[in-house]
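Worksheet: the structure to be examined is printed underneath.
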Amino acid sequence: MARYATARYAVKEAREATWARRVALFFVQLMILTVLLHRFASLTTPAALNLIGVSIAGLLIAIAIAVGAIVRIWFGGQTGAAQAFAAILIACLGLAVPGFYLSKVVLLPPLTEVETTQEEPLDFRALAAQRPADANPIKEPDEAQVEAQVEAYPDIGPMVIERSAPEVFSIVDEAVQRLGWTIALNEAPGETGIGRIEATDRTLIMGFTDDVVIQVKGDDAHATVDVRSVSRYGLHDLGTNAARIRTLLAEVTAALEKGEKTVLEQVEPKEEAADK
């Protein structure tokens with residue numbers, strides 16, 4: 001009786017695909033750990049920025065390895081395509097948030113500070129001593145920076161309010177507290193009619209600390225609110241400082257509108273009673 005034997009061919013697995021997945025997982029975990037340690041622990045900002053840069057480079061390398069593995073699998077017939085595509089998916093998920101912020105590097109000018117009055121930027125007193133030695137130096141913006149801010153953020157400017165300086169200062173102070181900023185200096189307007197608030201604010205995801213100084217200047221009838229927001233680290237603020245100033249001024253505007261509505265609500269019942 002004839003015996004038939006079946007030949008089995010061993011199919012090799014593309015090991016590059018497995019390593020690509022491992023590399024992608026490692027650097028995604030490193031990025032998440034860096035954010036957590038900087039946000040909630042004592043990891044310094046320069047170290048966090050370096051680790052984020054290393055993580056981004058590692059994820060790009062993982063994608064390159066996975067693409068090479070896919071090419072080898074396509075022409076060589078090895079297995080491991082699922083591992084390679086998994087590596088690309090993991091790396092893309094890890095690069096999603098950095099990619100969003102890196103897009104702002106292209107769209108926005110490389111500014112590290114924004115102020116409502118570029119010609120006369122406010123100075124820091126209390127926070128100047130609290131800034132780390134390796135932080136960005138605080139200096140007056142040059143002509144190129146002024147032009148870049150005007151072009152990118154034409155809506156950023158002083159806020160003029162037809163109320164007394166002490167009243168406006170109280171509204172601004174309450175707005176800063178509602179925003180959760182850490183106040184380092186609080187000087188109400190005195191005889192000079194100039195009030196000052198210095199505070200720090202942290203970004204949402206990474207928890208980068210930025211410095212803010214607010215000045216309320218005026219008299220018994222008018223007041224002007226000026227704001228300066230400065231990043232401590234980095235070559236680009238990614239639009240954070242402008243967004244912070246907009247948020248503060250919007251909070252002050254909302255408080256003013258709420259106060260006006262409250263006064264009207266108190267007057268309307270009296271008018272209705274008089275009509276009756």
Largest-first principal axis extents, alpha carbons of region 95-239, Å: 52, 29, 27
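Any chance you could run the full-extension gain for ALA82 through GLU147? It's 0.36 nm times the residue separation minus the Cα-Cα distance, nm to one decimal.
Numbers: separation 65, 0.36 × 65 = 23.40 nm, distance 5.09 nm.
Gain on extension, ALA82 to GLU147, equals 18.3 nm.
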First obtain the Kirkwood hydrodynamic radius of region 159-211 from its Cα pairs, then insert it into the Stokes-Einstein equation at 20 °C and 1.002 mPa s, and state the resulting D in µm² per second as a whole number. 175
For the chain, list the DSSP H helices whose alpha carbon atoms reach 18 Å or more along the long axis and whose average Kyte-Doolittle value is 1.6 or above? 45-76, 81-107
Could you work out what % of the accessible surface of the chain is carbon and sulfur, using a 1.4 angstrom probe and leaving DNA, RNA and ligands out of the count? 60
Protection proxy ranking of 146-152, 80-86, 164-170 - average other beta-carbon atoms within 10 Å, highest first: 164-170, 80-86, 146-152
Quick check: convex hull of the Cα atoms in the chain, volume per residue, rounded to a whole Å³? 230
Please work out how much length the chain gains when fully extended from THR192 to GLU257, using 0.36 nm per residue of separation minus the C-alpha to C-alpha distance, in nm with one decimal. 20.7 nm
Rg and Dmax [Cα atoms of region 110-179; Å; Rg one decimal, Dmax integer]: 14.8, 42
Charge tally for neighbours of ILE65 with beta carbon under 12 Å away, counting Lys, Arg as +1 and Asp, Glu as -1, is +3
Net +/- balance of residues flanking SER229 in space, Cβ distance below 12 Å, scoring K and R +1, D and E -1: -4
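The values are calculated or read from the model by the stated rules, or taken from the named source; none is laboratory data. All of these numbers come straight from a predicted model, not from anything done at the bench. All Cβ positions, even for glycine, are placed from backbone atoms using ideal geometry, and neighbour counts span all protein chains on display. What goes into the accessible areas is simple: the full protein's heavy atoms, side chains included, and nothing from ligands, DNA or RNA. Shrake-Rupley method; radii C 1.70, N 1.55, O 1.52, S 1.80 Å.
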